[in-house]
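Below is one structure; the comments refer to it alone.
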Amino acid sequence: MENEKFEPKIVAFVCNWCTYTGADLAGTSRLKQQTNARLIRVPCTGRIDPVFIIKAFEKGADGVLVSGCHPNDCHYNTGNFHARRRWIFFRQLLDFVGIDSSRLYFSWVSASEGKKWVDVVDGVINSVREKGPFNGYKKLNKEIEIPVK
Amino acid sequence: MKQLIDISKELFESKQVGYIIGYAEDKFKRVKPFVAYSSLDTERFVFNNNSVNNLAVYLTRLPKAKEGKIGIVAKGCDIKSIIALIQENQIKRDDVIIIGVNCNSVVNQIDEQFSKENTAIKCKYCQVRTPAHYDYLVGEIKEVELPEDKNFAIMQKLDSMSAEEKWNFWEAEFEKCVKCYACRQVCPLCYCEQCIVDKSMPRWIDSSATTKGNFAWNMIRAFHLSGRCIGCNECERACPAEIPLSLLNRKMGMVAINEFNYRHGTDINQPTLIGNYNVNDKEDFIM
Ligand code: SF4
Ligand code: SF4
Ligand code: SF4
Ligand code: FES
């Protein structure tokens, strides 16, 4: 275990209209990126309930990325504005209970920003790799494991 | 509390109210929430340092009065939650008659004598001992001694801790949670018809009292109250596990003040912080 290299698990919540399409563009343009991020497509950043982010950490994510349309570009006009205000609270709440909020990343990536998507994802993966695994929940998950006979 | 009883009687006799939510003593002399449905009932009304409950919680829980408005006896801090409910479109200003009381602090521990030591911490910072908003005002302001804020040091300590230390602190606290939901039931602003913790398809928050699920529950509740909690501290008082829930609310309240200069429940005409946005909201944390 000791000498096994740590590979971070990243969950990325992306909005359908901008970032997902941007990530798609990165793929069709055959841009190279690391593969540690699992994308979860949601209609809009406004649909990302912070409980999703908690769930991701519970299920073993070492980092979470949330990404959507640039301000004023939201498909539903205001979803990202509402979301942004909530994140201001949520980040500080995470910090307060001991989940380092620097493991939670945010970006605006538009449908045409395939290159930016690659930079963001690579940046997030490298930064989480440096931080190491998030262990908080690992111990708590043990509490409810059913012993196998 | 002759004044309080007289006004209540008058409200019934002029048929302005269907019922009035207030406080009365039970046979053990404990002050408890009490709903008066008639002029005669109002004779049981009391108000003193043991009137701790935030009665605004009943505004969204009790059925509407058949005739007339709902009367409510409320301290300044409780009136903040009434204003919050109006701001959040849960009740109409015209549907309630607020009998504000001048408050001389309330106890921290019920069943113990009121004293400087046994005063709720929220009273230390209270700006509304004479309520800021009411239809009637009763009672008199007396000189009171303010309690120590023992949570201040804890907040400072938490702020200086590493993420892991904070996690351990809260792990030890949340471990005790028994998921009784008293914190939610007593909260005037937890009026959701279906709470997220009760949703089972999909189940977002473990319903069994595991530390993991307790973390999610307490975090999400604190988040749902962010920018909305008015600091009545009823949740902490109701919690049988003695989890310092007020620390979470206090932190989120500080975010609302520091980042947005916003205090919920102070002005019935002010748009709510959550549910609205400003195109210039801070985004230095977004790539
Ligand atoms: S915890 Fe959240 S979902 Fe549950 S009642 Fe309170 S505000 Fe509503
Ligand atoms: S969260 Fe607690 S302190 Fe805040 S309004 Fe609800 S009961 Fe009162
Ligand atoms: S009142 Fe306390 S023990 Fe009960 S659910 Fe709330 S935090 Fe948990
Ligand atoms: S649709 Fe992309 S953020 Fe709203």
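A count restricted to the range A:1-37 and to residues that are open to solvent by 90 Å² or more (accessible area, probe 1.4 Å) and of a type in the set (Ser, Thr, Tyr) stands at 2. Looking across B:Asn50, B:Asn89, B:Asn104, one residue alone is outside the structural domain of B:Cys190 (by TED's automatic domain parsing), on the phi > 0 side of the Ramachandran plot and part of a loop (DSSP other than H, G, I, E, B). It is B:Asn89.
Looking only at the range A:58-92, which residues are among the basic types (Lys, Arg) and open to solvent by 10 Å² or more (accessible area, probe 1.4 Å)? Of everything in the range A:58-92, those that are among the basic types (Lys, Arg) and open to solvent by 10 Å² or more (accessible area, probe 1.4 Å) turn out to be A:Lys59, A:Arg85, A:Arg86, A:Arg91. Using beta carbons and a limit of 9 Å, which pairs, at least six apart or on different chains, have the first residue in the range B:188-209 and under 23 Å from B:Ile91 (Cβ atoms) and the second one within 16 Å of ligand 4 (Cβ to nearest atom)? Partner pairs satisfying both residue conditions: B:Ile196/A:Asp49.
From B:Arg228, B:Arg250, which residue is more than 20 Å from A:Ser101 (Cβ to Cβ) and among the charged types (D, E, K, R)? Steps first, answer last, please.
Values: B:Arg250 fails: more than 20 Å from A:Ser101 (Cβ to Cβ).
That would be B:Arg228, the only listed residue that is more than 20 Å from A:Ser101 (Cβ to Cβ) and among the charged types (D, E, K, R).
Taking the conditions (1) more than 30 Å from B:Leu4 (Cα to Cα); (2) without any contact (Cβ under 8 Å) to a residue 12 or more places away in the chain; (3) surrounded by fewer than 16 Cβ atoms within 10 Å (Cβ to Cβ) in turn, B:Glu143 satisfies each one other than (1).
Contact annotation: residue pairs with Cβ atoms under 8 Å, 6 or more positions apart or on different chains, pairing a residue in the range A:87-109 that is among the polar types (S, T, N, Q) with a partner that is in a strand (DSSP E or B) and open to solvent by less than 10 Å² (accessible area, probe 1.4 Å), are A:Ser107/A:Leu65; A:Ser107/A:Val66; A:Ser107/A:Ser67.
On the given criteria, is B:Gly68 surrounded by fewer than 24 Cβ atoms within 10 Å (Cβ to Cβ) and on the phi > 0 side of the Ramachandran plot?
Values: surrounded by fewer than 24 Cβ atoms within 10 Å (Cβ to Cβ): yes; on the phi > 0 side of the Ramachandran plot: yes.
Judged against the criteria, B:Gly68 is a match.
Do we have B:Ala182 as within 16 Å of ligand 2 (Cβ to nearest atom) and not basic (Lys, Arg) here? Yes: the conditions hold for B:Ala182. Count of the range A:72-88 residues, restricted to those that are within 7 Å of chain B (Cβ to nearest Cβ) and farther than 14 Å from B:Glu283 by Cβ, is 1.
Could you please let me know if B:Val255 is away from ligand 3 (no atom under 16 Å from the Cβ), under 22 Å from B:Lys166 (Cα atoms) and either touching a Lys or Arg at 6+ places or on another chain (Cβ under 7 Å) or among the hydrophobic types (A, V, I, L, M, F, W, C) (or both)? Spell out the reasoning first.
On the way: away from ligand 3 (no atom under 16 Å from the Cβ): yes; under 22 Å from B:Lys166 (Cα atoms): yes; either touching a Lys or Arg at 6+ places or on another chain (Cβ under 7 Å) or among the hydrophobic types (A, V, I, L, M, F, W, C) (or both): yes.
Yes; evaluated as a whole, the condition is true for this residue.
What do you reckon, is B:Asp267 in a loop (DSSP other than H, G, I, E, B), within 14 Å of chain A (Cβ to nearest Cβ) and acidic (Asp, Glu)? Talk me through it step by step, then tell me what you get.
Numbers: in a loop (DSSP other than H, G, I, E, B): yes; within 14 Å of chain A (Cβ to nearest Cβ): no; acidic (Asp, Glu): yes.
No: the conditions fail for B:Asp267.
Consider the range A:33-52 and keep the residues that are at the interface with chain B (Cβ under 10 Å from one of its Cβ atoms) and of a type in the set (A, V, I, L, M, F, W, C). The one that is nearest to A:Asp119 (Cα to Cα) is A:Phe52. Does B:Gly227 fit the bill of being in contact (Cβ under 8 Å) with a residue 12 or more places away in the chain, away from ligand 4 (no atom under 16 Å from the Cβ) and open to solvent by 20 Å² or more (accessible area, probe 1.4 Å)? No, not satisfied.
Residues that are open to solvent by less than 50 Å² (accessible area, probe 1.4 Å), near ligand 1 (Cβ under 9 Å from one of its atoms) and assigned to a loop (DSSP other than H, G, I, E, B) within the range B:160-197 comprise B:Tyr181, B:Cys187, B:Leu189, B:Cys190, B:Cys195, listed in sequence order.
Considering each residue of the range B:95-117 in turn, none proves to be under 12 Å from the mean Cα position of the chain (by Cα) and charged (D, E, K, R).
Consider B:Arg221 carefully, then state whether it is touching a residue at least 60 places away in the same chain (Cβ under 8 Å) and surrounded by 21 or more Cβ atoms within 10 Å (Cβ to Cβ). First the steps, then the outcome.
Numbers: touching a residue at least 60 places away in the same chain (Cβ under 8 Å): no; surrounded by 21 or more Cβ atoms within 10 Å (Cβ to Cβ): yes.
Taking the combined requirement at face value, the residue does not satisfy it.
Would you confirm whether or not the range B:208-227 contains a residue that is farther than 30 Å from A:Asp73 by Cβ, in a loop (DSSP other than H, G, I, E, B) and away from chain A (no Cβ under 11 Å)? Taking every residue of the range B:208-227 in turn, none turns out to be farther than 30 Å from A:Asp73 by Cβ, in a loop (DSSP other than H, G, I, E, B) and away from chain A (no Cβ under 11 Å).
If you take the residues in the range A:97-144 that are away from chain B (no Cβ under 11 Å) and of a type in the set (A, V, I, L, M), which one is most open to solvent (accessible area, probe 1.4 Å)? Among them, the one singled out is A:Ala111.
The values are calculated or read from the model by the stated rules, or taken from the named source; none is laboratory data. Just so it is clear, the structure is predicted and the values come from calculations on it, not from any experiment. Neighbour counts run over all protein chains shown; Cβ positions are idealised from the backbone, glycine included. These area figures cover heavy atoms from the full protein model, side chains too; ligands, DNA and RNA do not enter into them. Shrake-Rupley method; radii C 1.70, N 1.55, O 1.52, S 1.80 Å.
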